[in-house]
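The values are calculated or read from the model by the stated rules, or taken from the named source; none is laboratory data. Treat the numbers as computed from the prediction; the structure is a model and nothing was measured. We place every Cβ from the backbone using ideal geometry, glycine too, and count neighbours over all the protein chains shown.
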Amino acid sequence: MKYITHFSRLFVGALFIFSGLIKLNDPVGFSFKLDEYFGADVLNLPFLQPYALSIALFVVILEVILGVALLLGFWKKFTVWLLLLMMIFFTFLTFYSAYFNKVTDCGCFGDAIPLTPWESFGKDIVLSVLILLLLLNQDYIKPFLGKSANSAILGFSLIGCIGFGIHVLNHLPVKDFRAYAIGKSIPDGMKSAEEMGLEPPKYVSIYYLKNSETGEEQRITSDEYMADKWWEKKDWVMLKDKTETELVEEGYEPPIHDFSIIMNDEDRTYEILEMDAVFLVISYKMELAEAKGFKDINALATQAEASGVPIFGLSASLGDYVEQKRHELQTPFEFGSMDETTLKTIVRSNPGLVLLKKGVVVGKWHFNDVPTFEEVKNQYL
């Protein structure tokens with residue numbers, strides 16, 4: 001049991017540090033995931049949504065600190081109990097999400113290692129068992145260093161996490177794991193399985209039918225519906241509002257979905273992706289955009305358009321509101337619309353700036369880091 005406890009301690013501690021640092025690299029992305037969980041159709045805790053980013057930062061820093069404390073064997077009773085309570089909550093959350101198919105990716109390891117809800121639930125079960133073992137065998141957990149050294153390491157870890165979090169919030173993630181990372185081709189990311197010569201995932205429709213006489217319900221697949229000619233069974237009525245889709249075989253899915261640029265009711269997606277160079281100003285919600293962030297973007301836009309490099313704004317906000325804000329901010333470029341989740345995925349800044357060349361992402365900037373047009377011209381154009 002001693003060696004199992006040592007293994008559990010090292011494994012759990014290292015995994016919590018890894019998980020926390022991965023999410024700390026992109027706390028805005030993790031906050032978007034928490035916002036989903038807090039939504040009315042999942043946990044129905046809308047009052048927490050405005051605090052999603054603060055909660056995200058607290059959770060990921062706590063993960064790292066608890067992982068470090070466990071490896072050090074410091075505050076072992078407090079650390080193990082807190083780890084267990086966290087895992088009980090996360091296990092409930094991932095089970096709820098998986099069973100009711102509410103959130104398709106838990107965000108446990110950010111965009112670095114996407115997990116399905118059931119995979120995440122399985123991971124949480126394993127961790128919960130290991131942490132329970134640690135709780136029952138605390139006598140085997142011994143500090144590696146003295147109290148002063150442990151306190152210093154924890155203190156430096158906390159300061160480092162806070163500093164790293166502040167840095168990525170005011171700039172961009174140090175490592176971008178998304179399909180819109182610098183160097184990625186958007187057109188290639190949009191190609192279907194057939195275009196890639198790969199097998200696509202296979203889905204089946206699930207129908208629910210109710211017997212109008214007995215009240216009995218049946219759950220059948222679309223194949224069973226056709227094979228047994230259920231439409232001929234007059235006593236059975238399909239419950240259309242309960243129809244769902246189920247994955248039956250894994251396959252290739254394009255990493256980029258819903259990348260569609262609509263401008264003045266016209267789809268200009270492929271036209272823009274084929275341009276030699278084009279700037280995209282991303283503001284997933286104009287209502288939440290930092291007004292000061294447009295100052296440097298506007299200056300760059302004026303010079304870019306004078307040099308013949310087009311620039312477009314993209315937002316998921318309503319068109320009338322966007323036009324109102326555009327005039328308030330005096331942006332010298334027009335705005336189009338795009339799916340909000342896609343815009344959030346492209347760049348973790350509101351507003352943010354992206355440079356494409358023939359659909360390839362060659363530059364991305366937080367509004368705090370917007371370069372001059374001359375700098376962009378010398379480096380990219």
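Overview of values
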| quantity | calculated |
| --- | --- |
| Single match in Phe294, Phe312, Phe279 (criterion: more than 25 Å from Gly183 (Cβ to Cβ), surrounded by 14 or more Cβ atoms within 10 Å (Cβ to Cβ) and modelled with pLDDT of 95 or more) | Phe294 |
| Filtered residues of the stretch 149-203 (kept if in a helix (DSSP H, G or I), of a type in the set (Phe, Trp, Tyr) and exposed (fewer than 15 other Cβ atoms within 10 Å of the Cβ)) | Phe156 |
| Conditions (1) at pLDDT below 90; (2) more than 30 Å from Phe367 (Cβ to Cβ); (3) touching a Pro at 6+ places or on another chain (Cβ under 7 Å); number of the one not met by Asn150 | (1) |
| Residue in the stretch 167-181 that is in contact with a helix residue (DSSP H, G or I) (Cβ under 8 Å, 6 or more places away or on another chain), at pLDDT 90 or above, more than 30 Å from Val68 (Cα to Cα) and not aromatic (Phe, Trp, Tyr) present | yes |
| Exclusive hit being under 19 Å from Thr342 (Cα atoms) and out of contact with any strand residue (DSSP E or B) (no Cβ under 9 Å at 6 or more places or on another chain), set Ile282, Ile272, Ile256 | Ile256 |
| Residues located in the stretch 116-145, provided they are at pLDDT below 85, surrounded by fewer than 17 Cβ atoms within 10 Å (Cβ to Cβ) and under 19 Å from the mean Cα position of the chain (by Cα) | Thr116, Trp118 |
| Verdict on Leu314 being under 23 Å from the mean Cα position of the chain (by Cα), within 20 Å of Thr342 (Cβ to Cβ) and not in a loop (DSSP other than H, G, I, E, B) | yes |
| Residue among Leu85, Leu93, Leu72 that alone is over 22 Å from Thr345 (Cα atoms), buried (at least 17 other Cβ atoms within 10 Å of the Cβ) and without any contact (Cβ under 8 Å) to a residue 60 or more places away in the chain | Leu93 |
| Residue among Gly336, Gly363, Gly352, Gly359 that is crowded, with 21+ Cβ neighbours inside 10 Å, assigned by TED's automatic domain parsing to the domain that holds Gly293, more than 20 Å from Pro27 (Cβ to Cβ) and of a type in the set (Gly, Ala, Ser) | Gly336 |
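One line per residue, one yes/no per condition, for (1) touching a residue at least 40 places away in the same chain (Cβ under 8 Å); (2) farther than 15 Å from Val68 by Cβ; (3) over 24 Å from the mean Cα position of the chain (by Cα):
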{"position": "His6", "(1), (2), (3)": "yes, yes, yes"}
{"position": "Arg9", "(1), (2), (3)": "yes, no, yes"}
{"position": "Ala14", "(1), (2), (3)": "yes, no, no"}
{"position": "Phe18", "(1), (2), (3)": "yes, no, no"}
{"position": "Leu21", "(1), (2), (3)": "yes, no, no"}
{"position": "Leu24", "(1), (2), (3)": "yes, no, no"}
{"position": "Phe30", "(1), (2), (3)": "yes, yes, no"}
{"position": "Tyr37", "(1), (2), (3)": "yes, yes, no"}
{"position": "Val42", "(1), (2), (3)": "yes, yes, no"}
